[in-house]
Amino acid sequence: RMPAPPTKPERGLPPDEPAKPAPRSRRWTAAIGGLVLVFAVLAVYDLVAHRGALLAKPIAASTASHSVRARPSATPPAASAIAGASAVGSPSPSVSPSAAVRPVRELSALSVAAFGPDGTSDGDNPGIAPRVLAGDGVNAWSSNWYASPGFGELQAGTGLLLDMGREVSVASVRIVLGGSVGTDLQVRLGASAGTLSDLATVARASDVGGTVRLSLPAQVRARYVLVWFTRLPPDNAGTYQVLVYSITVSGRG
């Protein structure tokens with residue numbers, strides 16, 4: 001009996017033969033590929049984060065700039081320094097009272113003229129009108145004399161016009177008259193003084209004599225100050241006329 005021929009082994013590795021490890025070059029390729037993938041992921045993350053920071057900076061700057069522009073700006077002036085609100089963390093500006101409001105003082109008039117119902121063209125005794133600015137207490141301006149306290153029904157009044165030379169704020173007017181009581185007068189102010197209607201009445205006094213001080217309820221800006229007499233006191237001759245020794249204007253100018 002002939003022995004059976006040996007059978008051919010099956011394709012592949014024999015069952016008892018261990019698997020051969022992968023070549024070394026293939027393992028290094030896989031490791032390097034993994035590292036490249038990790039670095040790529042990190043690079044992408046860093047790029048995204050860095051780009052987000054760059055985009056955030058202009059937005060923050062734009063918001064800060066808008067906040068500065070939105071703050072209310074200081075008003076006129078002086079008043080805003082006291083009443084206006086300042087930015088948080090910054091000291092509030094201050095203005096001293098002397099800088100905000102100047103004190104009332106006596107103001108010098110540029111000139112004075114006698115003034116009648118038609119203006120300076122028909123004032124009483126115009127040549128001696130400057131005496132009221134000298135204020136020496138001896139020499140006075142006097143109106144013409146009239147037969148009655150109401151100017152003998154010849155006219156509505158007479159007065160003295162002071163030109164301050166510029167627009168000033170008038171607070172009060174002081175008039176030193178003769179000693180006789182019985183004078184009615186008005187203080188009138190205006191920017192022009194062509195006629196009596198150009199000047200508005202701001203204060204008045206009745207049946208006065210000696211020193212008269214008229215304070216305005218509110219300061220009025222004007223260039224011209226008119227002391228206008230509407231009733232005359234008696235004189236020693238039995239007629240009527242007014243004496244004025246000085247006129248002083250006080251205010252801010």
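The values are calculated or read from the model by the stated rules, or taken from the named source; none is laboratory data. None of these values were measured; they are calculated from a predicted model. We place every Cβ from the backbone using ideal geometry, glycine too, and count neighbours over all the protein chains shown. Accessible surface areas use protein heavy atoms only, side chains included; no ligands, DNA or RNA. Shrake-Rupley method; radii C 1.70, N 1.55, O 1.52, S 1.80 Å.
Among the residues of segment 194-225, what is the count of those that are in contact with an Asp or Glu (Cβ under 9 Å, 6 or more places away or on another chain) and closer than 16 Å to V168 by Cβ? Selection size over segment 194-225: 5. Does segment 191-202 contain any residue that is open to solvent by 50 Å² or more (accessible area, probe 1.4 Å), in contact with a Pro (Cβ under 7 Å, 6 or more places away or on another chain) and touching a residue at least 12 places away in the same chain (Cβ under 8 Å)? Checked segment 191-202: no residue is open to solvent by 50 Å² or more (accessible area, probe 1.4 Å), in contact with a Pro (Cβ under 7 Å, 6 or more places away or on another chain) and touching a residue at least 12 places away in the same chain (Cβ under 8 Å). Can you spot a residue in segment 154-174 that is among the small types (G, A, S) and open to solvent by 50 Å² or more (accessible area, probe 1.4 Å)? Yes: one or more hits. Summed over segment 220-253, residues that are crowded, with 17+ Cβ neighbours inside 10 Å and either touching a Pro at 6+ places or on another chain (Cβ under 7 Å) or in a strand (DSSP E or B) (or both) total 23.
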